[in-house]
Amino acid sequence: MEGRVRRREHWERIYRTRPSDELGWFQPRALRSLRLIEDALPDRGAAIIDVGAGDSVLVDDLLDAGYANLTVLDLSAEALARCRGRLGPRGTGVGWIAADIVEAVLPEAAYDLWHDRAVFHFLTDAADRARYIERVLRSVKRGGHVIVAAFGPGGPPQCSGLDVVRYAPDALHAEFGAPFRLARHTTELHHTPTGKEQEFVYCHCVRT
């Protein structure tokens, strides 16, 4: 529990003290995630949760694309406040959850698609990864989609001062196991605001 408290304090401090466009994971558009979601789930009324979203612009892009049933979850209340402030009235129909994903109580079989860009690789403890996957299994409908992006083998060993776990596609899928069929995977070279390259692996699985 103490480690999770420190994790929350770490991310609250990051979002209180640094502008969004200086953060290493900043994207002016979340195009790779948006395309994967649109390919997996063209139904604009489908329920989507973006886990560990921070103040990502993915919710903006999804709203622009016509998706109407969106939930945004992050450990940092400050990050969510930034995101809500940016969206203004457009954010009133979005569900907002401030919680650590390994502790969050999510509704059962509620989501057609689970998206996570750059949370899972911070879970260096196997027990935390198991808790994360328990929440996916509980809250994603059978036949639903799970899109997770984590640092690939060529990615950095740390991010924001924290250790991460890097994954090849097969290794990332293996963490989720038999209840999830790997539909596709892709790699992205993300360019940070300081010009560094970070390799991300995206895995799209289907909840069987």
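Is there a quick way to get the dipole size of segment 51-208? I mean about its Cα centre, with the Cβ of Lys and Arg at +1 and of Asp and Glu at -1; what is the value in debye to the nearest 20?
That gives a dipole near 400 debye.
Counting residues in segment 89-160 as N, plug N into 2.2 N^0.38 Å and put the Cα Rg over that result.
1.23
So between Ala109 and Arg181, what do we pick up on full extension, going 0.36 nm a residue minus the alpha carbon distance?
Answer, rounded to one decimal: 24.2 nm.
Between Ala65 and Arg138, how high is the FRET efficiency from 1/(1 + (r/R0)^6) when r is the Cβ-Cβ distance and R₀ = 25 Å? Nearest 0.05.
Here the calculated transfer efficiency is 0.40.
Considering the chain, what Rg and Dmax in Å follow from its alpha-carbon atoms?
Looking at the chain, its Cα Rg and Dmax stand at 15.7, 42 Å.
Each residue of segment 194-208 in order: what ³J(HN,Hα) in whole Hz does its phi give by Karplus 6.51 cos²θ - 1.76 cosθ + 1.60, θ = phi - 60°, with x for Gly and Pro?
Values, residue by residue: 8, x, 7, 9, 10, 7, 10, 10, 10, 10, 10, 10, 10, 6, 8 Hz.
What accessible area per residue comes out for the chain, rounded to a whole number of Å², with a 1.4 Å probe?
For the chain, the solvent-accessible area averages 45 Å² per residue.
Which FRET efficiency value, to the nearest 0.05, is calculated for Asp125 and Thr92 with the Förster distance at 41 angstrom and r the Cβ-Cβ distance?
0.65
Taking amide H positions as placed in the peptide plane 1.01 Å from N, state which residues far from Cys159 in sequence (5 or more) or on other chains have amide H under 5 Å from it.
Amide H to amide H, under 5 Å and 5 or more residues apart or across chains, Cys159 pairs with Val164.
Could I have the simple spin-label model distance between Gln158 and Ala77, label points 7 Å from Cα toward Cβ, reported in nm to one decimal?
Label-label distance for Gln158 and Ala77, simple model: 3.0 nm.
May I ask you to give the percent of accessible area on the chain that is carbon plus sulfur, with a probe radius of 1.4 Å? Don't skip to the end; give the middle numbers.
Values: 4750 of 9330 Å².
In the chain, the share of accessible area belonging to carbon and sulfur is 51 percent.
Under the 0.36 nm per residue contour assumption, what length would be gained going from the current alpha-carbon distance of Ala99 and Arg29 to full extension?
Stretched out fully, the Ala99 to Arg29 stretch lengthens by 22.7 nm.
Divide by every residue of the chain the summed helix terms, -39500 (n - 2.57) for each DSSP H run of at least 4, and state the resulting mean residue ellipticity at 222 nm, rounded to the nearest 500 deg cm²/dmol.
-9500 deg cm²/dmol
Distance from the Cα centre of segment 26-62 to that of segment 122-185, in angstrom?
With segment 26-62 and segment 122-185 each reduced to a Cα centre, they are spaced 17 Å.
Can you list the HN-Hα couplings for segment 50-60, worked out from phi with the Karplus curve (6.51, -1.76, 1.60; θ = phi - 60°), rounded to whole Hz and with x for Gly and Pro?
9, 9, x, 6, x, 10, 4, 7, 4, 4, 4
The values are calculated or read from the model by the stated rules, or taken from the named source; none is laboratory data. All figures in this text were calculated on a predicted structure; none of them were measured in a lab. Heads up, the Cβs are rebuilt from the backbone with ideal geometry, glycines too, and the neighbour counts pull from every protein chain shown. Note: areas computed on protein heavy atoms with side chains; ligands, DNA, RNA excluded. Shrake-Rupley method; radii C 1.70, N 1.55, O 1.52, S 1.80 Å.
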